[in-house]
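Participant: What follows is a structure written as structure tokens; I'll ask about it next.
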Amino acid sequence: MKILVTGSAGHLGEALMRTLTRAGRDALGIDLKPSPYTHRVGSICDRTFVRECMIDVDQVIHTATLHKPHVATHAYQDFVDTNVTGTLNLLEEAINRKVGAFVFTSTTSVFGSALVPPVGEPAAWITEDVVPVPKNIYGVSKLAAEHLCELFAKRHRLPMVVLRTSRFFPEADDDPEMRSAFAPENAQANELLYRRVDIEDVVSAHLLALDAGLRLGFGRFIVSATTPFEPTDLADIRHHADRVVRARFPGCAELYAARGWRLFERIDRVYINTRARDTLGWQPRYGFQHVLDSLHSGSDIRSPLAREVGIKGYHDTVFADGPYPV
């Protein structure tokens, strides 16, 4: 069974290709950029290229995209071309080739303004039922691509799973205040409480989604580390998240202090992965308890796969005032 992986030179694409290759599965990696895991170099905006790559393909994992870090460096049309038209090209050729399953990598960024509640309100509890309110061209284009995927699932009976992934990139935060207050590893450990997921867990969700497509017809799932918070915590974590975490994880304060780390004082949203766990059978391994276990043992908080893939960056240019312009 041949699997087409788009975006094979990127963080997730490479992680998928590494995992599939080790498992002895037949995977074809395509990307704009050459890489050790890219078999064919070209653009998903090129319909002929897509058509040729789809020959003998049984399943598709579509991770190729322009990301949020490209918002300040690329035109709106670039986002439409890649994220919308490129996805449409893949969907139409998948139908032409009678592909058996299609997994689309989306993002929690589609929720946009729905992620931040008004001042004085509790933190937002984000499930798949929250109505997206995109706030930039990245979110708009990814949501449009999601709608195309749903249309093809319903009109053309293409087995389809959309995965809204939370943060898994290893780069430092684009917010200068965050970078000045927290080391990247510290900030990303904190984010596993509510808005981050390890790339190894993202890969496992995608592979489960491939198998679930035929059974579900269509499904949309949030992919984020399992939060320890409950709905009853939402008012408290908006202003005193550190207190809630210390109460929930005895010994956390000592482990953090030994590393010179701090917890976030305030959290404004929590991503809920219950539907992915219940429906896909997904079992994320790298949550906040794993962070504490790693601190206790003196080991790396990242999965082995995350360490292998490493930091790839989103631009060829190096920016003096941050990982990418905003």
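The numbers here are math on the coordinates, done by the rules we state, and not lab data. In this text, all values refer to a predicted model and were calculated from it rather than measured experimentally. Positions of Cβ are generated from backbone atoms using ideal geometry, with glycine treated the same way; all protein chains shown enter the neighbour counts.
Participant: With the crude spin-label approximation of a point 7 Å out along Cα→Cβ, what separation in nm comes out for residue 174 versus residue 232?
Facilitator: Result: 3.8 nm between the two label points.
Participant: Under 5 Å between amide hydrogens, which residues at least 5 positions from residue 101 or on another chain qualify, with H placed 1.01 Å from N in the peptide plane?
Facilitator: 60
Participant: Further question: What fraction, in whole percent, of alpha-carbon pairs in the stretch 81-127 exceed 14 Å separation?
Facilitator: Counting every Cα pair in the stretch 81-127, those more than 14 Å apart make up 66 percent.
Participant: How are the Cα pair distances of the stretch 71-204 distributed, in percent, across 10 Å bins from 0?
Facilitator: Going out from 0 Å in 10 Å bins, the stretch 71-204 shows 11, 33, 37, 16, 4, 0 percent.
Participant: Which listed residue (130, 180, 99) has the Cα farthest towards the positive end of the charge dipole for the chain, taking +1 on Lys and Arg C-beta and -1 on Asp and Glu C-beta about the Cα centre?
Facilitator: Final value for the positive-end residue is 99.
Participant: Given a cut-off of under 8 Å on Cα pairs at least six residues apart, what relative contact order in percent is computed for the stretch 1-137?
Facilitator: Relative contact order of the stretch 1-137: 22 percent.
Participant: Moving on. Could you list 55, 95 so that the one with the fewest beta carbons within 10 Å of its beta carbon is first and the one with the most is last?
Facilitator: 55, 95
Participant: Okay, next question. Give a quick list of trypsin sites (Lys or Arg not before Pro) in the stretch 243-297 that DSSP marks as loop, anything other than H, G, I, E or B, with at most 16 other Cβ atoms within 10 Å.
Facilitator: 262, 266, 285
Participant: Express in nm, to one decimal, how much length is gained between residue 55 and residue 156 on full extension, taking 0.36 nm for each residue of separation and deducting their alpha carbon distance.
Facilitator: Roughly 34.5 nm would be gained on extension.
Participant: Taking a threshold of 23 Å on the Cα-Cα distance, which of the pairs 142/312; 98/312; 33/154; 2/312 fall above it?
Facilitator: 98/312; 33/154; 2/312
Participant: Given Cα positions, please report Rg to Rh for the stretch 27-70, the hydrodynamic radius being the Kirkwood one.
Facilitator: For the stretch 27-70, the value is 0.96.
Participant: Taking the Cα centre of the chain as the origin and placing charges on Cβ (Lys, Arg +1; Asp, Glu -1), which of 169, 237, 147 is farthest toward the positive end of the dipole?
Facilitator: Sorting the options by dipole projection puts first 147.
Participant: Which of the trypsin sites (Lys or Arg not before Pro) across the stretch 149-189 are loop residues per DSSP, with 13 or fewer other Cβ within 10 Å?
Facilitator: 157
Participant: Related question: Rounded to the nearest 500, what is the 222 nm mean residue ellipticity of the chain from helices alone, with -39500 (n - 2.57) per DSSP H run of 4+ residues and division by all residues?
Facilitator: When only DSSP H runs of four or more count, the value is -11500 deg cm²/dmol.
Participant: Stokes-Einstein diffusion coefficient for the stretch 1-144 at 10 °C in a medium of 1.306 mPa s, Rh from the Kirkwood formula over Cα pairs: what value in µm²/s?
Facilitator: 98 µm²/s
Participant: Sticking with this structure for a sec: Highest mean first, how do 289-301, 97-109 rank when packing is the count of other Cβ atoms within 10 Å averaged over residues?
Facilitator: 97-109, 289-301
Participant: Assuming R0 = 41 Å, can you tell me the calculated FRET efficiency for the pair residue 41 and residue 266, based on Cβ-Cβ distance, to the nearest 0.05?
Facilitator: Efficiency computed from Cβ-Cβ geometry: 0.40.
Participant: What relative contact order, as a whole-number percentage, does the stretch 231-279 give when Cα pairs under 8 Å and 6 or more residues apart are counted?
Facilitator: About 43 percent, as a whole number.
Participant: With +1 on the Cβ of every Lys and Arg and -1 on the Cβ of every Asp and Glu, and nothing else charged, how large is the dipole of the chain about its Cα centre, in debye rounded to the nearest 20?
Facilitator: 640 debye
Participant: What ranking do 206, 156 get, fewest neighbouring Cβ atoms within 10 angstrom at the top?
Facilitator: So the residues, fewest neighbours to most, are 156, 206.
Participant: To continue, here is another question. Regarding the chain, what are the three Cα extents along the principal axes, ordered largest first, in Å?
Facilitator: Principal-axis extents of the chain (Cα, largest first): 56, 39, 37 Å.
Participant: Only helices at least 24 Å long along their own axis, judged from Cα atoms, and with Kyte-Doolittle mean hydropathy of -0.5 or greater: name those in the chain from DSSP H.
Facilitator: 137-156, 199-216
Participant: So what is the relative contact order of the stretch 1-68, in percent, for Cα pairs below 8 Å that sit 6 or more residues apart?
Facilitator: 42 percent
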